[in-house]
1. For the stretch 173-274, rounded, prolate or oblate, judged on the Cα gyration tensor with a ≥ b ≥ c (square roots of eigenvalues), a/c < 1.5 rounded, else prolate if a/b > b/c?
2. So for the chain, what are the equivalent ellipsoid semi-axes in whole Å, largest first, each being the square root of 5 times an eigenvalue of the Cα gyration tensor?
3. For 292, 273, 306, what's the fewest-to-most ordering of other Cβ within 10 Å of each Cβ?
4. Using the count of nearby Cβ atoms within 10 Å as a rough guide to exposure, how do 377, 45, 269, 391 rank from fewest to most?
5. Using only Cα atoms and rounding to the nearest 10 degrees, what angle (0 to 90) does helix 130-144 make with the longest principal axis of the chain?
6. For the stretch 21-103, what is the convex hull (Cα atoms) projected area averaged across all directions, in square nanometres?
7. Could you compute Rg(Cα) / (2.2 N^0.38 Å) for the stretch 92-195, with N its residue count?
8. Running Debye on the stretch 221-323 with equal point scatterers at the Cα sites and no solvent, what base-10 log of I(q)/I(0) appears at q = 0.14 Å⁻¹?
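FYI, it's all coordinate maths here, none of it is from the lab. No experiment lies behind these values; they were computed from the predicted model shown. Every residue, glycine as well, gets a Cβ built from its backbone with ideal geometry; the counts of neighbours run over all protein chains shown.
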Ligand code: SF4
């Protein structure tokens, strides 16, 4: 029997982290095929809310084609004596968590980037209306966050009628982000941590500081503070900053301690303002990513919505896979768009002086926050298509990274700067690893004494690697 008798499927924490593949999906809502998608929470006056109401604008699930893709807007309106507009971001982020409690219903990402799928089996069991989903959300919000006294939910799937609310949502996200700008990491004693994505990436914990927005781009330091206050046992918690071990790289004793504790010892050190050494871990729902380009010793940036391949020939999905899952991967770094606007953005690596390529659409969103002299020096897909073109562009525009290329390699570096390729005899491992953690489907799998086999090993020198590790 379901947790809720009138809901045709189970609801519970065990369904968090469930993935629904295309072949098993009844419908897809939002996601890469849809431009108009969003979720938004608003705090209203009690008289503006009809408690328990679920409104559907456009086709309901049962009216949708099997395997079809549809736009989706979710608006959660709440009231309560202790609720204030500052809590909207926090309430909104819980839509992700609570939706994922529903059997056969998958929710990914946040804000203007949501991507949901309904499983065929759950549809056949009777989960064929947004009314069921709205009811579950209402009950979970009220039971998990008692400060929510009244709640009404609206789902918009009509392709025409979603446009205006979508635009309004984008404006509200920007207004929220703008409000959180101005405060510096040095000015606060507490940071906040979030473990909401541990169902997908068990060793991941976001460290949210005034100048390092959460990876998903939906929780600011103010949101973190509000969330920890109203729900101290919830996924967002307070971190005592502790001693600044390395202010340049962003290493703090309290952050190390919190990461160690929340990752069950897997992550022991976090450097907040660099993509090298001990970078902040990446979960799976980061808004964008920074990726190191050894050929030019610079960084490329890309966001989730970019559909083409990036300058290194890889699409966002492959770059995301290279760093997701709660790992610390040198040079590959899940980040939010708002962090790109921060003065602490990759500060230890050179900040914007180290960025060489980004999609034009991201540049447009962050250009006002880049150093003025750098705006024309960072290439986009409209300027260059290949690595050779990028090098020419950077030289022509006098990008500061070009200066560093002039350093001649030492004799010792020249000696090792050759590519080695070796066939491996069948049955011989190329590496043995005493402990190898893998995160998958909400579980952490630890391989003990793992042996790795490969047909061929290619050793290729990474130009600029030495410079990069200095966090130049
Ligand atoms: S990306 Fe980070 S802040 Fe956002 S929900 Fe996940 S863990 Fe929390």
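1. oblate
2. Output for the chain: semi-axes of 39, 26, 23 Å.
3. Numbers: 292 23, 273 27, 306 19.
Sorted ascending by nearby Cβ count, the order is 306, 292, 273.
4. Ranking 377, 45, 269, 391 by Cβ neighbours within 10 Å, fewest first, gives 45, 269, 391, 377.
5. Once rounded, one gets 80 degrees.
6. In nm², the orientation-averaged hull projection of the stretch 21-103 is 6.8.
7. 1.32
8. -0.71
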